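Undergrad: Here it is: the structure, laid out below.
The values are calculated or read from the model by the stated rules, or taken from the named source; none is laboratory data. Since we're looking at a predicted model, the values are computed, not measured. Reconstructed Cβ throughout: ideal geometry from the backbone, glycine too, with neighbour counts over all protein chains shown. Protein only, heavy atoms only, side chains kept; ligands, DNA and RNA dropped before computing areas. Shrake-Rupley method; radii C 1.70, N 1.55, O 1.52, S 1.80 Å.
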Amino acid sequence: MNRTFTMIKPDAVENGHIGAILEKINAAGFSIAAMKLTKLSKSDAEKFYEIHSERPFYRELVNYMSSGPIVAAILEKDNAVNNFRTLIGSTNPAEAAEGTIRKLFATSISANAIHGSDSDENANLEGEFFFSLDERF
Ligand code: UDP
Ligand code: MG
């Protein structure tokens, strides 16, 4: 079994999609190893997206990700990182495949409903960013 890290982003929380998104995650065979409803401060969001700090969308992304509550979670499944990226779909919801979480629930390329880690290494770092050892099962 492998793990990935996800956030249900502020737009999807605000639009009432937490339940529907968790249902899709469960139906795809992921189990939940950690989960919380929380909110990123501006400096949390800056740190989390540090890797994108030189990109033109960084400031907008930080403002957006700290604009309201999110659901953070660690998910478990075989080949978790890749399977989860497939489940969420392309970054831009206009290009996301039918049935993917972003196709169903995202509102724009920035407010795109959900995060999924891009590697095992980042999944681990991102999970540790949000959860202490005794919050991970
Ligand atoms: N993003 C954006 N504009 C872009 C590309 C990305 O606002 O042109 C935001 C979007 O919320 C995305 C996040 O920055 O999910 C991180 O970008 P990345 O390229 O890592 O996409 P992801 O891995 O989330 O699909
Ligand atoms: Mg990414």
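Undergrad: Can you tell me which residue among LEU75, LEU40 is more than 15 Å from ligand 2 (Cβ to nearest atom), under 14 Å from MET7 (Cβ atoms) and part of a strand (DSSP E or B)?
TA: Criteria check complete, one pass: LEU75.
This table checks each residue for (1) within 19 Å of LEU75 (Cα to Cα); (2) more than 16 Å from ligand 1 (Cβ to nearest atom); (3) among the aromatic types (Phe, Trp, Tyr).
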{"position": "ASN15", "(1), (2), (3)": "no, no, no"}
{"position": "ALA20", "(1), (2), (3)": "yes, yes, no"}
{"position": "GLY29", "(1), (2), (3)": "yes, yes, no"}
{"position": "LYS42", "(1), (2), (3)": "no, no, no"}
{"position": "GLU46", "(1), (2), (3)": "no, no, no"}
{"position": "TYR49", "(1), (2), (3)": "no, no, yes"}
{"position": "SER53", "(1), (2), (3)": "no, no, no"}
{"position": "ARG59", "(1), (2), (3)": "no, no, no"}
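Here's the yes/no breakdown for (1) open to solvent by less than 30 Å² (accessible area, probe 1.4 Å); (2) within 14 Å of ligand 1 (Cβ to nearest atom):
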position: MET65; (1), (2): yes, yes
position: ALA73; (1), (2): yes, no
position: PHE84; (1), (2): yes, yes
position: THR100; (1), (2): yes, yes
position: THR107; (1), (2): no, yes
position: ASN124; (1), (2): no, no
position: ARG136; (1), (2): no, no
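Undergrad: Also, I was wondering about something else. Output yes when any residue across segment 49-59 is out of contact with any His (no Cβ under 7 Å at 6 or more places or on another chain) and away from ligand 2 (no atom under 16 Å from the Cβ), and no when none is.
TA: So far as segment 49-59 goes, yes, one or more of its residues are out of contact with any His (no Cβ under 7 Å at 6 or more places or on another chain) and away from ligand 2 (no atom under 16 Å from the Cβ).
Undergrad: Picking from PRO93, PRO10, which residue would you name as being within 15 Å of ligand 2 (Cβ to nearest atom), modelled with pLDDT of 95 or more and surrounded by 16 or more Cβ atoms within 10 Å (Cβ to Cβ)?
TA: That would be PRO93, the only listed residue that is within 15 Å of ligand 2 (Cβ to nearest atom), modelled with pLDDT of 95 or more and surrounded by 16 or more Cβ atoms within 10 Å (Cβ to Cβ).
Undergrad: When you scan segment 1-36, how many residues do you find that are of a type outside the set (Gly, Ala, Ser) and in a strand (DSSP E or B)?
TA: The total comes to 10.
Undergrad: What tally of residues in segment 101-137 results from selecting those that are within 15 Å of ligand 2 (Cβ to nearest atom), over 24 Å from ARG59 (Cα atoms) and out of contact with any strand residue (DSSP E or B) (no Cβ under 9 Å at 6 or more places or on another chain)?
TA: Count: 1.
Undergrad: Under 7 Å between Cβ atoms, which residue pairs at least 6 apart in sequence (or on different chains) link something in segment 99-128 that is over 19 Å from ALA12 (Cβ atoms) with a partner that is among the hydroxyl-bearing types (Ser, Thr, Tyr)?
TA: Matching pairs, first to second residue: ALA123/THR4; ALA123/SER117.
Undergrad: Assess whether ASP118 counts as being surrounded by fewer than 19 Cβ atoms within 10 Å (Cβ to Cβ), in a loop (DSSP other than H, G, I, E, B) and modelled with pLDDT of 95 or more.
TA: yes
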